[in-house]
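Here's the structure we're looking at; comments come further down.
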Amino acid sequence: GGLGRFLASLAEVFVRGGAVDWASVFADSGAHRVDLPTYAFQRQRYWPSESTQAGDVTAAGLVSPEHPLLGAAVELADSEGLLFTGSLSLRSHPWLADHAVGGVVLFPGTGFLELAIRAGDQVGCDLVDELTLAAPLVVPERDAVAVQLRVGAPDPSGRRSLSVYSRPADAAEQPWLQHATGVLAHGERTADFDATVWPPTGAVVADMEGFYERFAEGGVGYGPVFQGLRAVWRAEDEVFAEVALPEQVNDAKSYGIHPALLDAALHAVSFADIPGADPESERGRLLFSLSGVSLHANGASVLRVRLAHDAAGSLTLAAADSAGAPVISVESVAIRPVSAEQLAAGNTAGHAHDSLYRLDWVAAPAVSQSADGPETVELSTDALAHLASLETVPDVVMVEVGTLGATGPVGHTEAPDGAGATHQVTARVLELVQHWAADERYADSRLVFITRGAIAARSGDTVADPRAAAVWGLLRSAQTEYPGHFLLADLEDRQQAAEVLADVIASGEPQVVVRDGVVLVGRLASVASSAGLLPPPGGVPWRLESRRKGSLDALELITEAPQEQLATGQVRMAVHAAGLNFRDVLNALDMYPGDPGLMGSEAAGVVVETGSEVTGLRVGDRVLGVVAGGFGPLAAVDQRMLVKVPDGWSFEDAAAVPVAFLTAYYGLVDLAGLSSGESVLVASGRRGVRDRE
């Protein structure tokens, strides 16, 4: 096979664990070892990237803003204002994934400035006079976020208000969350910055070794797109920096100034003396506000930057391109530390994907019906015998569930109340359903079951008849097997049946509730549209609890006292997922023997703060463990109760491990006394314990 085959065979032996004397193989060939890259793979994409530009929106009466972050614009009819809309996601804007804080992807503050600059261009304003960020904009892992940018009408001096809002793209029922406010004005201002001589004369090179690693330790994860700071120099009270976009960013010319490029310029703030800043702080710092921003040139990919303090002590920024021409001037920049509460709020402030739904009873839509209404027969107490005796089957056969328990099934003892009565009624209903389904005579008719007090359709309602509620559960299953054959109607009184029956049948719904003469139908609605199970406003600490033990319906998110200072050996973690255990159910039902403590006993998340004498864990670490009171955004935990999450595990998988693992360990080691080398047979060990053995 020749030399090539021989070398290939040696390689195959080597990767299978065999010993190969490579020095002898490559002697006198000039071959030598090379360092591997510090990353696993380097990829270069040749397929066209997904377009972030909107299609033709003019047919909808809109204007295309021709910007990667915006999809459409429209003038407001009742004013001289303007509304921009757009959509952000990691699919349409994958570079955003390289800007993570505390394990959460945040839209960068420089992105809000880019939106403001584009809005100013549209309305003829060349100055962003003010821009203040109010709340972080979380970009979900899978879903999109709808964005609105509103520009107000000009005042007598031509100044316009600006505000930016967002909400999940698929949650039209949720309110809009305000992220930024500002003012657009006229009067471009250019900073006095000579960047033609570079690096500046007399400036001293700053040490950047481990720079972005330190950011990661502070909980700020910058990916390749945002690691644009190339070099830093110091000169008296000034800091100079060179920043550049990586090669994979090929759309810089589509932006006024690419958010990742300006964000990298602000990284040099770490080398400036900021009043009140703690240089040893492990928390990340994010952009808070800017004022007096003028963009002089579009589409830069390389910047020469100067940071300095003006006479009033404000931090200023000026940047030029590689030829020294001005690109952007900022009269004031404010950077603020990110607290643990802000990190947690940023992960839940109205933008976490809400997968919880509840059943709402809403008014049925109006439908036309015939004047005569359907032919109807109501069955007697002995419903099955009455049904069998019918010579012709009408359009609708009606049976009142409450009468079916009056005479129990043959051979069964009467039981007017309690579980026995429920068994009697459901048995008779099942017998009736089976008879109906087996006889083809009833194929074109509907069997309507009338109940009262089976459904709590409105706030404050209670289930008055458990027997009827059980019948609803039984018949809902029957409806899935025989769609169109059975109808459930829960009424307030017996007289309503004749009055609303035609409306009930005309609705075409399999299940209806009638309240105050109005036919209601069931619809799924996101819990985010109700007051139930929503975090309290303002980003205050909260946890899941039940003030009225005894029912799972009493669960609520209650406000907690502000987070106390961490004790020795404790860490604070932002909870991303928590495990639900039987102990929590017993706690809510007030059935736990002894003191159950707070709800929640296992969780996974990200460390956002560390106390004294903590070793082995640092801010930004993904952790799992035993977490008392883990049903909330933040938890203080003894470091001994936590371990790092293995690579490749999701937070949901990690949160399901601690209790299952400890249960298996307790059973095998403490109870069974197993030791190393012994064998064990696990029977019926499915679910968590088996998964973690």
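Here, each number is a calculation from the coordinates, and none is a lab measurement. Quantities reported herein were computed from a predicted structural model and do not represent experimental measurements. Ideal geometry is used to build each Cβ from the backbone, glycine not excepted, and the neighbour counts take in all protein chains shown.
General observations
- Kirkwood hydrodynamic radius of segment 204-339, Cα pairs, Å: 15.2 Å
- Packing-based ranking, highest mean first, of 615-623, 575-583, 644-652 given that Cβ atoms within 10 Å are counted: 575-583, 615-623, 644-652
- Each Cα pair under 8 Å and six or more residues apart adds its separation to the average, and for segment 421-534 the resulting relative contact order is 22 percent.
- Placed amide H near Y357: partners under 5 Å, 5+ positions off or other chain: V527
- Its residue count N sets the reference 2.2 N^0.38 Å, and the alpha-carbon radius of gyration of segment 561-656 equals 1.08 times that reference.
- J(HN,Hα) series, segment 13-27, from Karplus relation 6.51 cos²θ - 1.76 cosθ + 1.60, nearest Hz, glycine and proline x: 5, 5, 6, 9, x, x, 8, 10, 8, 5, 4, 6, 4, 9, 4
- Here each label is just a point 7 Å from Cα along the line to Cβ, and for A554 and V518 those points are 3.0 nm apart.
- Gyration tensor (alpha-carbon) shape descriptor, segment 61-185, a/c threshold 1.5: prolate
- Ranked V399, V521, criterion: other C-beta atoms within 10 Å, fewest first: V521, V399
- Length-normalised contact order of segment 204-339 in % [C-alpha pairs under 8 Å, at least 6 apart]: 24 percent
- Residue ranges 596-605, 18-27 sort as 596-605, 18-27 when ordered by packing (mean number of other C-beta atoms within 10 Å per residue, highest first).
- Couplings 3J(HN,Hα) of segment 638-652, computed from phi: 5, 4, 6, 8, 10, 9, 6, 6, x, 4, x, 8, 7, 4, 5 Hz, in residue order, whole Hz [Karplus 6.51 cos²θ - 1.76 cosθ + 1.60, θ = phi - 60°; x for Gly and Pro].
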